Ligand SMILES: NC(=O)c1ccc[n+]([C@@H]2O[C@H](COP(=O)([O-])OP(=O)(O)OC[C@H]3O[C@@H](n4cnc5c(N)ncnc54)[C@H](OP(=O)(O)O)[C@@H]3O)[C@@H](O)[C@H]2O)c1
């Protein structure tokens, strides 16, 4: 399976570590080629690196960017993402007010879905996992569980297999609208973290 991760930050590194463990073909994309290259070299000799400007290829595209950047990049590259499985991991939080950015009755994932061409599968996953828990593979002695929401059952199964093969547990939490709950729960965890 050819997997692309867009974003060479903390989550790009964490998810990339797992994808390499599962021996997937992995390409790291970033807006700067150097940053993508540095992470690719950290992850392993078989990992490719490319600037976003080169265009995105892969079967499963994991967008490891802040919410606003996810919207920006998905919108700009929508044609290249057509027909692929696109994974949104973002927590759409306004860090000034600690409120969710998407309008009531929607979620970041559903707003991003509106930017993609028909026939593209969007999945919400990883937003409720801290980067370190993905790298460690465990939380409080139990396997780290990745909660996965989406409307395309086949695409969801593909991601669940990828997650499980990488050494993590996967839980199907329902349709894409379940991202509303995933994002709310993550917001509460973020608030707790900032209040400590
Ligand atoms: N960290 C966690 O534990 C965690 C857990 C769950 C979910 N998440 C979600 O995962 C996503 C990534 O978080 P992170 O912790 O990996 O953040 P991060 O370490 O700050 O990395 C963010 C990456 O996004 C890139 N970026 C920012 N704005 C961009 C733009 N406009 N266009 C292209 N690239 C852009 C950054 O590139 P530059 O370095 O060039 O700015 C950087 O590579 C966020 O949506 C976050 O809510 C994070």
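The values are calculated or read from the model by the stated rules, or taken from the named source; none is laboratory data. Since we're looking at a predicted model, the values are computed, not measured. As a convention, Cβ positions derive from the backbone with ideal geometry for all residues, glycine included, and neighbour counts pool all protein chains shown.
Scan the stretch 134-146 residue by residue and report those that are more than 13 Å from the ligand (Cβ to nearest atom) and closer than 19 Å to residue 182 by Cα.
Narrowing the stretch 134-146 to residues more than 13 Å from the ligand (Cβ to nearest atom): 137-138, 140-143, 145.
The answer is 143, 145.
Could you list, ordered by first residue, the pairs with Cβ atoms under 6 Å in which the first is in the stretch 123-135 and without any contact (Cβ under 8 Å) to a residue 12 or more places away in the chain and the second is part of a strand (DSSP E or B) and surrounded by fewer than 24 Cβ atoms within 10 Å (Cβ to Cβ), at least 6 apart or interchain?
133/139
Looking only at the stretch 77-98, count every residue that is farther than 17 Å from residue 15 by Cβ and either surrounded by 22 or more Cβ atoms within 10 Å (Cβ to Cβ) or touching a residue at least 12 places away in the same chain (Cβ under 8 Å) (or both) and tell me the total.
The number of residues fulfilling the criteria is 10.
Keeping to the stretch 64-103, report how many residues are closer than 21 Å to residue 191 by Cα, assigned to a loop (DSSP other than H, G, I, E, B) and in contact with a helix residue (DSSP H, G or I) (Cβ under 9 Å, 6 or more places away or on another chain).
So the answer is 11.
Considering the stretch 12-47 alone, what residues qualify as being outside any helix (DSSP H, G or I) and touching a helix residue (DSSP H, G or I) at 6+ places or on another chain (Cβ under 6 Å)?
Narrowing the stretch 12-47 to residues outside any helix (DSSP H, G or I): 22-32, 44-47.
Result: 22, 26, 28, 29, 30, 31, 44, 47.
Does residue 114 satisfy the condition of being without any contact (Cβ under 8 Å) to a residue 40 or more places away in the chain and touching a strand residue (DSSP E or B) at 6+ places or on another chain (Cβ under 7 Å)?
no
Which residues, counting only those in the stretch 13-67, are closer than 23 Å to residue 132 by Cα and free of Cβ contacts under 8 Å to residues at least 12 places away in the same chain?
Those that are closer than 23 Å to residue 132 by Cα and free of Cβ contacts under 8 Å to residues at least 12 places away in the same chain: 23, 41, 45.
Okay, residues lined up against (1) within 11 Å of the ligand (Cβ to nearest atom); (2) touching a strand residue (DSSP E or B) at 6+ places or on another chain (Cβ under 6 Å); (3) modelled with pLDDT under 95:
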position: 6; (1), (2), (3): yes, yes, no
position: 9; (1), (2), (3): yes, no, no
position: 14; (1), (2), (3): yes, no, no
position: 17; (1), (2), (3): no, no, no
position: 29; (1), (2), (3): yes, yes, no
position: 43; (1), (2), (3): no, no, no
position: 49; (1), (2), (3): no, yes, no
position: 59; (1), (2), (3): no, yes, no
position: 80; (1), (2), (3): no, no, no
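Just checking, which of 125, 109, 131 is within 12 Å of the ligand (Cβ to nearest atom) and out of contact with any strand residue (DSSP E or B) (no Cβ under 9 Å at 6 or more places or on another chain)?
Details: 125 fails: out of contact with any strand residue (DSSP E or B) (no Cβ under 9 Å at 6 or more places or on another chain); 109 fails: out of contact with any strand residue (DSSP E or B) (no Cβ under 9 Å at 6 or more places or on another chain).
Just one listed residue meets the conditions, 131.
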